[in-house]
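In what follows, a structure is listed as structure tokens, so that the remarks can point back to it.
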Number of protein chains: 2
Amino acid sequence: MHYFAHYRDFIGVSAERFFKTTIFQSPRMLAGMDCLEPGQRQDAHRHAGRDKVYFVVSGMGLFHIGDEVQSCGPGSTIWAPADVAHGVANTGSETLVMFIVMAPEPG
Amino acid sequence: MHYFAHYRDFIGVSAERFFKTTIFQSPRMLAGMDCLEPGQRQDAHRHAGRDKVYFVVSGMGLFHIGDEVQSCGPGSTIWAPADVAHGVANTGSETLVMFIVMAPEPG
């Protein structure tokens with residue numbers, strides 16, 4: 001088990017959809033990175049019984065959580081509670097890089 | 001319930017020990033901020049059955065996780081698994097600001 005990592009070693013680009021990777025994982029929690037290129041989006045989806053929190057590291061995203069919509073940049077934290085529809089689109093001109101945690105983990 | 005916040009609205013100083021605050025909370029997860037002034041520390045402690053992950057936003061900290069010790073700065077992610085002793089000391093000259101998530105939440 002590793003205890004220490006830097007987010008820069010866990011970012012990347014996925015041409016098809018968006019890039020996501022796992023940094024740490026247990027049955028209780030998954031921590032990782034979601035990266036969206038300009039124009040990419042996570043379509044609205046729900047996680048049954050599982051919360052997700054985003055911390056925006058760099059870039060700008062337009063988040064939909066339930067019925068709320070907000071544009072968020074670096075330092076924004078976004079809460080997507082279990083069973084609430086959420087999605088995000090990269091509305092900026094640089095990569096949208098987000099540290100994310102889900103609990104419990106999705107496995 | 002609120003879905004959106006900025007970490008800057010959840011930082012502060014506690015003269016006695018260190019500053020911590022909650023941004024989002026559910027039975028599954030607590031997300032918040034830990035802030036240590038230069039010279040302050042979280043003594044080594046364990047969370048029974050509960051993982052904690054740190055994302056260093058600014059400042060420098062010396063982390064002890066289990067038997068490992070590492071100095072971490074902005075962008076570092078640190079994994080403190082359930083039942084593993086962990087602590088951190090602010091070894092720098094500016095406030096150590098960390099976004100943290102615990103799962104399940106400590107209540």
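Every number here is computed from the coordinates shown, using simple stated rules; none is lab data. Here the structure is a predicted model, which means the values were calculated and not measured. Cβ placement follows ideal geometry from the backbone for every residue including glycine, while neighbour counts extend to all protein chains displayed.
Within segment A:49-76, residues that are more than 10 Å from chain B (Cβ to nearest Cβ) sit with their Cβ atoms under 8 Å from residues that are assigned to a strand (DSSP E or B) and surrounded by fewer than 16 Cβ atoms within 10 Å (Cβ to Cβ), at 6+ positions apart or across chains, in these pairs: A:Met60/A:Ser71; A:Gly61/A:Ser71; A:Leu62/A:Val69; A:Leu62/A:Gln70; A:Leu62/A:Ser71. Per this entry, B:His2 is not counted among residues that are surrounded by fewer than 19 Cβ atoms within 10 Å (Cβ to Cβ) and more than 24 Å from A:Val57 (Cβ to Cβ).
Considering (1) surrounded by 19 or more Cβ atoms within 10 Å (Cβ to Cβ); (2) under 12 Å from the mean Cα position of the chain (by Cα), the lone condition that B:Pro81 does not fulfil carries the number (2). Name the residue that is nearest to B:Phe10 (Cα to Cα), counting only residues in segment B:90-107 that are polar (S, T, N, Q) and out of contact with any Pro (no Cβ under 7 Å at 6 or more places or on another chain). Top of the filtered list is B:Thr95. Filtered by the rule that a residue be surrounded by fewer than 17 Cβ atoms within 10 Å (Cβ to Cβ) and either part of a strand (DSSP E or B) or in contact with a Lys or Arg (Cβ under 7 Å, 6 or more places away or on another chain) (or both), segment B:26-43 gives a lone residue, B:Asp43. Screening segment B:77-91 for residues that are among the small types (Gly, Ala, Ser) and away from chain A (no Cβ under 11 Å) and picking the one that is farthest from B:Tyr7 (Cα to Cα) gives B:Ala85. Scanning segment A:67-78 for residues that are buried (at least 19 other Cβ atoms within 10 Å of the Cβ) and of a type in the set (S, T, N, Q) yields A:Ser76, A:Thr77. Residue check: is A:Glu94 surrounded by fewer than 16 Cβ atoms within 10 Å (Cβ to Cβ), of a type outside the set (Phe, Trp, Tyr) and away from chain B (no Cβ under 14 Å)? Judged against the criteria, A:Glu94 is a match.
How many residues does segment A:52-89 hold that are charged (D, E, K, R) and closer than 22 Å to A:Gly12 by Cβ? Selection size over segment A:52-89: 1.
Consider segment A:9-25 and keep the residues that are touching a residue at least 40 places away in the same chain (Cβ under 8 Å) and of a type in the set (A, V, I, L, M). The one that is surrounded by the fewest Cβ atoms within 10 Å (Cβ to Cβ) is A:Val13.
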